[in-house]
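These notes concern the structure reproduced below.
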Amino acid sequence: MSATSSPAISLKVEFGGGLELLFSNERSHTVTIPARAPSPAGADTDVHPPGGGGRPADIAFLIAWLRANLLQERAELFEENGTVRPGILVLVNDTDWELEGEGEYVLKDGDEIVFISTLHGG
Amino acid sequence: MALVCQASTNCMRNKISWAEVTIKTGQLKLQQASVAVVGAGGLGCPALQYLAAAGVGRIGIIDHDVVEISNLQRQVLHTEARVGMHKVLSAAKAIEQINSRIRVEPVTSALTASNAQTLLADYDIILDCTDNLPTRYLLSDTAVQLNRPLVSGAAQQFDGQLCIYNLGPGQGPCFRCLFPKPPAPEMAGSCEELGILGAVTGVIGTLQAMEAIKLITGLHDGRPTLLMYSALSALPFRNIKLRARRPTCPSCGTEDEKVGKIGETDYVAFCGGQRPDWVARGLVEGHENLRIRAKELKDLLMTGRRVRIIDYEMPFDTEQYAMSTNIPRSDIPLKVFVANPAAHLSTTDETSEKAIGCSTLNNATLELTEDTYLVCRLGNDSQIAVEALKSVGMKGVIKDVIGGLRAWAKEVDEMFPVY
């Protein structure tokens, strides 16, 4: 395999509502992830094809990537069956991810993705 | 010239009268409006305060709890003198002092699936100021059934969230559209368990009153958004655009597109059963070799015996009790530590010793040279920590304090700050 660097995209990722505790207790992260994800969705994220293989990086891939590379503890509180666990809302540039295609939203360089856990206290 | 003056004067007059009309009709609308506030706690108190001050004509309050001293840091309508009183009656008293013309309708029973519709049907707007997930789903479903907007607030630690569900109604999403499946009960903590900065519930509760006032006076733009507040963020407020109502939602969906039924939902079961009662769990007796009562620890300290306290919450007053060493909260979170205590115990470097706060730890024998007592807020994390220390083979006296610092405040030192 050649060591040519694969294209990458840089994202701002934020966690809130207690989720930050799973990510080094840091709310705000800047991450650089491969621009292309292995195909199909749900494949092992540690191995990504160099160059043009796979599919463009989408949020489903980002979730798997965050779990493998940024998450510090208790993965089950973040990810479940290839998506976020119930009770987590995902925002794409300040918009509910459902309006953007949920996991299939194709990430663009500079996007801001927020993962927020719903709160119940009062 | 004269003409221009004339025109601008008229314009000014019109503007003034417009403002006056808006304010006057707004005030009238408020007087004629009715709002139900479910929960007279951290969110309910500030919401009620501003709704009452604004002159909302009729306010229903539903809550079955009584006032406790630990509520007072955030539940600003209650007072020391009213500890033990039903929260709704205490709140009603406070409202009467603010505006005696308001009709307050206090309900001291808990909101349940069987009484929700009856209790809430008579109000224009519902405020969700509750502290638990099953009631949040119940309120959302009830608001949909009654065709009422639900102004929902939530808060935890330094964070808050605000959203109007069933806005429109029939346009914006309901709570179920956004969160069709509830998270595990372990993930759903309340203020009482997780702690909260009182001003956070103050911010969110006040915003709930604001949103209700906007809805009543017709000043709301009708767009469904979710506001997130995080007190410690550089930009503490973030407002996000929400999806529309989900046609397949079992609650608010379109009749022939609904997937699943709500029917006779058992809301507690739906949310994964009873939420663990962390206060009660922290108070379990446990084995005498593993746990110690706060009072017993105090007596031990008074004998002058050298012991080690590992305190995960806040430093004890070492001078008062002349204890040997006090180790405040470590740099490594307890949960990371207990996940793999060996990793933090196995090396002899300074960092790891600091990490668990046991500088007298003898790594060769894993024996503690001083009796060690662990304490946390409610006595749950400290149980896990003791277990973790034992599991890696640490010998010697290692116990945690039953009921944690809460119990210390209750049994030993009434002046100890409770939070």
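The values are calculated or read from the model by the stated rules, or taken from the named source; none is laboratory data. Note that the coordinates shown come from a computational prediction; the quantities given were computed from them, not determined experimentally. For neighbour counting, all protein chains shown are included, and Cβ atoms are generated from backbone atoms with ideal geometry for every residue, glycine included.
Scanning region A:99-122 for residues that are facing chain B (nearest Cβ under 7 Å) and under 13 Å from the mean Cα position of the chain (by Cα) yields a count of 1. Restricting attention to region B:389-407, the residues being crowded, with 23+ Cβ neighbours inside 10 Å and part of a helix (DSSP H, G or I) number 3.
One line per residue, one yes/no per condition, for (1) modelled with pLDDT under 95; (2) assigned to a helix (DSSP H, G or I); (3) farther than 21 Å from B:Arg101 by Cα:
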{"position": "B:Val4", "(1), (2), (3)": "yes, yes, yes"}
{"position": "B:Asn14", "(1), (2), (3)": "yes, yes, yes"}
{"position": "B:Val37", "(1), (2), (3)": "no, no, no"}
{"position": "B:Tyr50", "(1), (2), (3)": "no, yes, no"}
{"position": "B:Gln73", "(1), (2), (3)": "yes, no, yes"}
{"position": "B:Leu77", "(1), (2), (3)": "no, no, no"}
{"position": "B:Ser90", "(1), (2), (3)": "no, yes, no"}
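Residue count for region B:143-159 satisfying the condition of being within 14 Å of chain A (Cβ to nearest Cβ) and surrounded by fewer than 24 Cβ atoms within 10 Å (Cβ to Cβ): 2. Counting the residues of region B:374-414 that are free of Cβ contacts under 8 Å to residues at least 40 places away in the same chain and among the small types (Gly, Ala, Ser) gives 3.
The residue list B:Thr248, B:Thr265, B:Thr254, B:Thr217 contains one member that is farther than 30 Å from B:Leu133 by Cβ and of a type in the set (Ser, Thr, Tyr), which is B:Thr217. Against the conditions (1) of a type outside the set (Asp, Glu); (2) surrounded by fewer than 20 Cβ atoms within 10 Å (Cβ to Cβ); (3) more than 17 Å from B:Asp141 (Cα to Cα); (4) more than 19 Å from the chain's Cα centre (by Cα), B:Val279 satisfies every one except (4). The single residue among A:Arg55, A:Arg74, A:Arg85 that is within 14 Å of chain B (Cβ to nearest Cβ) and surrounded by 15 or more Cβ atoms within 10 Å (Cβ to Cβ) turns out to be A:Arg85.
Taken together, A:Leu71, A:Leu62 contain a single residue that is out of contact with any Gly (no Cβ under 8 Å at 6 or more places or on another chain), at pLDDT 90 or above and in a loop (DSSP other than H, G, I, E, B), which is A:Leu71. Filtering B:Leu119, B:Leu111, B:Leu162 for residues that are touching a strand residue (DSSP E or B) at 6+ places or on another chain (Cβ under 7 Å), more than 8 Å from chain A (Cβ to nearest Cβ) and either part of a loop (DSSP other than H, G, I, E, B) or modelled with pLDDT under 95 (or both) leaves a single hit, B:Leu111. Candidates B:Ile125, B:Ile95: the one that is in contact with a Lys or Arg (Cβ under 8 Å, 6 or more places away or on another chain) and surrounded by 19 or more Cβ atoms within 10 Å (Cβ to Cβ) is B:Ile125. Checked against the criteria, A:Asp96 does not count as more than 9 Å from every other protein chain (Cβ to nearest Cβ) and either crowded, with 16+ Cβ neighbours inside 10 Å or closer than 25 Å to B:Tyr137 by Cβ (or both).
Okay, residues lined up against (1) more than 30 Å from B:Ala280 (Cα to Cα); (2) modelled with pLDDT of 95 or more; (3) within 12 Å of chain A (Cβ to nearest Cβ):
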| position | (1), (2), (3) |
| --- | --- |
| B:Gln171 | yes, no, no |
| B:Glu186 | no, no, yes |
| B:Ser190 | no, no, yes |
| B:Leu197 | no, no, yes |
| B:Ile204 | no, yes, yes |
| B:Gly218 | yes, no, no |
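Only a single criterion out of (1) of a type in the set (S, T, N, Q); (2) touching a Pro at 6+ places or on another chain (Cβ under 7 Å); (3) at pLDDT 90 or above is not satisfied by A:Thr4, namely (3).
Apart from one condition, B:Ala155 fits all of (1) modelled with pLDDT under 95; (2) part of a loop (DSSP other than H, G, I, E, B); the exception is (2).
Being in a loop (DSSP other than H, G, I, E, B) and in contact (Cβ under 8 Å) with a residue 60 or more places away in the chain is a description that applies to B:Gly42.
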